[in-house]
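The values are calculated or read from the model by the stated rules, or taken from the named source; none is laboratory data. Every value quoted in this text rests on a predicted model; they were computed, and no experiment measured them. Please note: Cβ atoms are built from the backbone with ideal geometry, for glycine as well, and neighbour counts cover all protein chains shown. The accessibility values were calculated without ligands, DNA or RNA, using every heavy atom of the protein model including side chains. Shrake-Rupley method; radii C 1.70, N 1.55, O 1.52, S 1.80 Å.
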Amino acid sequence: MRILLTNDDGIFAPGLAAIYKQLIDLGEVLVVAPADSQSGASHAVTFFEPLACAKADIDGLFSGYAVYGSPADCVKLAVRQLHPEPIDLVVAGINNGANVGINVYYSGTVAAAMEGAFLGIPSLALSLAAEREMDFDSAAGYGIEVLEKLGPLEPRDVINVNIPLLSRGEPKGVRVVPQATSGFHEYYIPQGDADAKTLFQLAGGDHHHEPLPVDTTALAEGFITVTPLRPDMTDHEKADRMKSRLNGESR
């Protein structure tokens, strides 16, 4: 199996190295990752300027490509140009911080996995809840266990996996849950003037309560969360209802 490994924390991130050491037991691992942190880049891609790329050797552990662009750039460039052989699986992570709830939309990690799906490749996004001491090696072990239990993935599958705070002990188990959509308690902190501009720092707290089990609540309770995502954002149920009202209308 040929595995493309990327992330949004940068090619030198410890989370990427940790999952690399686990993935090499599953197949050939090709690393193409951002040259520096691209957290929060979402699905940005480089259009209007050339995309720079350089070979990088990471502490003798692996050699890969450092791309001066977004995580989505990395996957697109790897598949379209750098690795002409077919890619069987895209793995994005391990991200420093969970990607649950509405953060899924902001995440460069999830965007890299979604780009793999756009290209017809099954993809896994893997993240670890943030705390002062990050145990990426243990998280990698849990991530591989989940990946192996998932079995063969279909083309265009996107599986979002999050590991809870490991300082609290082993995860309580695995929960397949939907993505929360109510968001987090967020606010901005004014930080004074800079060149006549007012600065605002985004901050936030816990997630809003949702009545059903969702990724944010299950993760907070200490479970590994597994959420299948889809590259098609169409609300098919609503589209079917609209057809009877709008289809066939002419001007």
Out of G64, G40, G10, G27, sole residue that is over 19 Å from A140 (Cβ atoms) and not hydrophobic (A, V, I, L, M, F, W, C): G40
Considering residues of region 2-16 that are over 14 Å from the mean Cα position of the chain (by Cα) and either open to solvent by less than 10 Å² (accessible area, probe 1.4 Å) or on the phi > 0 side of the Ramachandran plot (or both) only, the residue modelled with the lowest pLDDT: I11
Identify the residue in region 189-205 that is under 24 Å from A220 (Cβ atoms) and surrounded by 10 or more Cβ atoms within 10 Å (Cβ to Cβ) and, among all such residues, is modelled with the lowest pLDDT. G204
State all residues of region 61-96 that are open to solvent by less than 30 Å² (accessible area, probe 1.4 Å) and of a type in the set (F, W, Y); if no residue qualifies, say none. F62
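One line per residue, one yes/no per condition, for (1) over 22 Å from D25 (Cα atoms); (2) free of Cβ contacts under 8 Å to residues at least 24 places away in the same chain:
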site	(1), (2)
K76	yes, no
Q81	yes, yes
I94	no, no
I102	yes, no
E145	no, yes
For region 98-120, which residues satisfy the criterion of being out of contact with any helix residue (DSSP H, G or I) (no Cβ under 7 Å at 6 or more places or on another chain) and crowded, with 20+ Cβ neighbours inside 10 Å? N103, S107, A113, M114, A117
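Could you list, in sequence order, all residues of region 18-32 that are out of contact with any helix residue (DSSP H, G or I) (no Cβ under 6 Å at 6 or more places or on another chain) and either buried (at least 24 other Cβ atoms within 10 Å of the Cβ) or closer than 15 Å to G64 by Cα (or both)?
Answer for region 18-32, where residues must be out of contact with any helix residue (DSSP H, G or I) (no Cβ under 6 Å at 6 or more places or on another chain) and either buried (at least 24 other Cβ atoms within 10 Å of the Cβ) or closer than 15 Å to G64 by Cα (or both): Y20, K21, L23, I24, E28, L30, V31.
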I'm trying to understand the selection: among the residues of region 122-143, which are in contact (Cβ under 8 Å) with a residue 40 or more places away in the chain, of a type outside the set (G, A, S) and surrounded by fewer than 24 Cβ atoms within 10 Å (Cβ to Cβ)? M134, F136, D137, Y142
